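Below is one structure, written out as structure tokens, with a few remarks after it.
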Amino acid sequence: MTSTQFRVPGVRAPSQGVNGPAPGPVGGPVIQGWCPGALRPMLSGDGYVVRVRPQGGRLTQEQAAGIAALALAHGNGLIDLSARANVQLRGVTETSHAPLIDGLRSLGLIDDCAEAEARRNIVVTPFWSACEVTPVLAAALAAALTAKDAPALPGKFGFAVDTGPIPVLRAVSADIRLERGPSGLICRADGAGYGAAVTAETAVTTALALARWFAANGGIREGRGRMAAHLARGAVLPEAFARSEATVVETYQPVPGRLTRGTLVGFEFGQMRAETLAALAALAPLRVTPWRMLFVEGAEVPAMPGIIRESRDPMLHVLACTGAPGCVQALQPTRALARALAPHVPLGDLLHVAGCAKGCAHPEPCAVTLVARARGFAVIRNGAAAEAPDAPVFPAATLTCHPETLFDPTPTDLS
């Protein structure tokens, strides 16, 4: 593959080569409207980001170990876990991309084409057993979405297979959800409290019918569109999708630790070294979660560098994107500030440090969101990165000197 086949229009290449720093954007961040893939990577400040979408959200031990080796051979050895339960290799160059794809293809991790890869946007609950319907539905949905007659959908439009004992993916971005309702399986539009009753045999065809309804009824505007926003604008679902009530559950809060079928482990900012992935692959197959954690099937996980095993680890209370210079859109470094502030985040609260107003690491509101500006960080309380700030811009050093004021209900002047 040549560089012209996957260079992203409108995003300037780093000024010192793919591994050098890049200046921040002028006039605000660029909204791409699509997610990177393996066949269509996205340029960042440290090279190309190559996103691998595991089938059914699961990696065999061979696949996980292979990804680790390929990240070292063809990237910079850094691996991200995305909020869509995918694995991202960083630091890939134009010359290393082709051999990387060859290696991923040999592991069974590459789709036939970039279009099929983009359509296979599925998040799967990690808490399933082999005798349940979840892996069957995930495989059938993947096959349907990559078929030639699959509906054309926006790049960020996605599906959730959340058919475990209770839904755990309610807070995860998805537009069409397969869930277990009070009376059986349902197919539900995101943003709706009811869905259509389905069986294991009809679930996938019903989900695709709902996707085609969305496309045919004005859900896509200028190539973009999300289901909940479409319903909020007044779109009325077909009657079949208003008959079966969804299960009412509290939002699932994942924490690292031993569970019934394995162990959930976390990582600072959802990022690990390739060596860490290789060490986990030696233990058992892995399931990639949308919480930027890995579920290690049926195994205890010993203490090892780079993983979080304790639910009280302060790093679980902070979120931060790659930041500058690793991202060409970011206006400031983010993770050093987030790491310094983590011990000061009150239990139950969440701090988000965003390199720009897109808030890629967490588009939703947080107790405190710090958004990078040219001269420091704007403070937003109980809001998201795209919202108007509550306070002036402060240098990172000022915030680290007065961390307690960020979470004070009657904040004092930081200046």
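Taking Cα centre as origin and charging only the Cβ of basic (Lys, Arg, +1) and acidic (Asp, Glu, -1) residues, the dipole magnitude of the chain rounds to 580 debye. Surface composition of segment 75-232: carbon and sulfur make up 57 percent of the accessible area, probe 1.4 Å. Rg/Rh for segment 330-406 stands at 0.90; both radii use Cα atoms, and Rh follows the Kirkwood definition. Of the residues His362, His344, His402, His230, the one with the largest accessible area comes first in the ranking His344, His402, His362, His230, computed with a 1.4 Å probe on protein heavy atoms. Working from Cα pairs under 8 Å separated by at least six residues, relative contact order for the chain is 15 percent.
In the distance distribution for segment 126-263, Cα-Cα pairs more than 19 Å apart total 50 percent.
Bridge orientation summary for the chain: considering DSSP beta bridges with both residues in this region, about 75 percent are antiparallel.
Here segment 215-277 is treated as a sphere whose radius is the Kirkwood value from Cα pairs; by Stokes-Einstein at 10 °C and 1.306 mPa s it diffuses with a coefficient of 96 µm²/s.
Residues whose amide H comes within less than 5 Å of that of Tyr252, counting only those at least five positions distant or on another chain, are Arg170, Ala171 (H built at 1.01 Å from N in the peptide plane). Remark on Glu245: its backbone amide H falls under 5 Å from those of Gly195, a criterion applied only to residues 5 or more positions apart or on other chains, H modelled at 1.01 Å from N. Per residue, the chain exposes 43 Å² of accessible surface when a 1.4 Å probe is rolled over the protein heavy atoms with every protein chain present. Considering only DSSP states other than H, G, I, E and B, which trypsin sites (Lys or Arg not before Pro) in segment 73-151 qualify as loop sites with at most 10 other Cβ atoms within 10 Å? Filter output for segment 73-151: Lys148.
Between segment 122-137 and segment 300-351, the alpha-carbon centres lie 29 Å apart. Each of Asp111, Asp349 has its accessible area taken with a 1.4 Å probe; listed largest first, they run Asp349, Asp111. In percent, how large is the relative contact order of segment 271-326, given Cα pairs closer than 8 Å and 6 or more residues apart? 28 percent.
Of Leu178, Pro365, Gly91, whose Cα points farthest to the positive end of the dipole of the chain (charges on the beta-carbon: +1 Lys, Arg; -1 Asp, Glu; origin at the Cα centre)? Of the candidates, Gly91 comes out farthest on the positive side. Among beta bridges from DSSP that stay inside segment 337-409, the antiparallel ones total about 65%.
Maximal additional length on extending the Ala303-Ala242 stretch stands at 17.2 nm, based on 0.36 nm per residue less the C-alpha distance.
Label-to-label distance for Ala391 and Gln253 is 2.5 nm, based on points extended 7 Å past Cα in the beta-carbon direction. Starting from the Cα gyration tensor of segment 228-317, take the square roots of the eigenvalues, sort them a ≥ b ≥ c, and report rounded, prolate or oblate (rounded when a/c is under 1.5, otherwise prolate if a/b is larger than b/c, else oblate). Verdict is prolate for segment 228-317. Need one word for segment 167-211: rounded, prolate or oblate. Basis is the Cα gyration tensor (sqrt eigenvalues a ≥ b ≥ c); a/c below 1.5 gives rounded, then a/b vs b/c decides. Taking the square roots of the gyration eigenvalues as a ≥ b ≥ c, segment 167-211 is oblate.
Count the DSSP beta bridges whose two residues both fall in segment 128-222, then state the antiparallel fraction as a percent rounded to the nearest 5. Restricted to segment 128-222, the bridges split so that about 70 percent are antiparallel. Rolling a 1.4 Å probe over the protein heavy atoms leaves Arg180 with an accessible area of roughly 80 Å². Which shape class, rounded, prolate or oblate, goes with segment 252-380 when its Cα gyration tensor gives a ≥ b ≥ c as root eigenvalues, a/c under 1.5 marks rounded, and past that a/b bigger than b/c marks prolate? It is prolate, given that a/c is not under 1.5 and a/b is the larger ratio.
The values are calculated or read from the model by the stated rules, or taken from the named source; none is laboratory data. The shown structure was predicted, so the numbers you read here are calculated from the model rather than taken from an experiment. Don't worry about glycine lacking a Cβ; one is built from the backbone with ideal geometry, like all the others, and counts go over all protein chains shown. Side chains included, ligands, DNA and RNA excluded: accessible areas come from the protein's heavy atoms. Shrake-Rupley method; radii C 1.70, N 1.55, O 1.52, S 1.80 Å.
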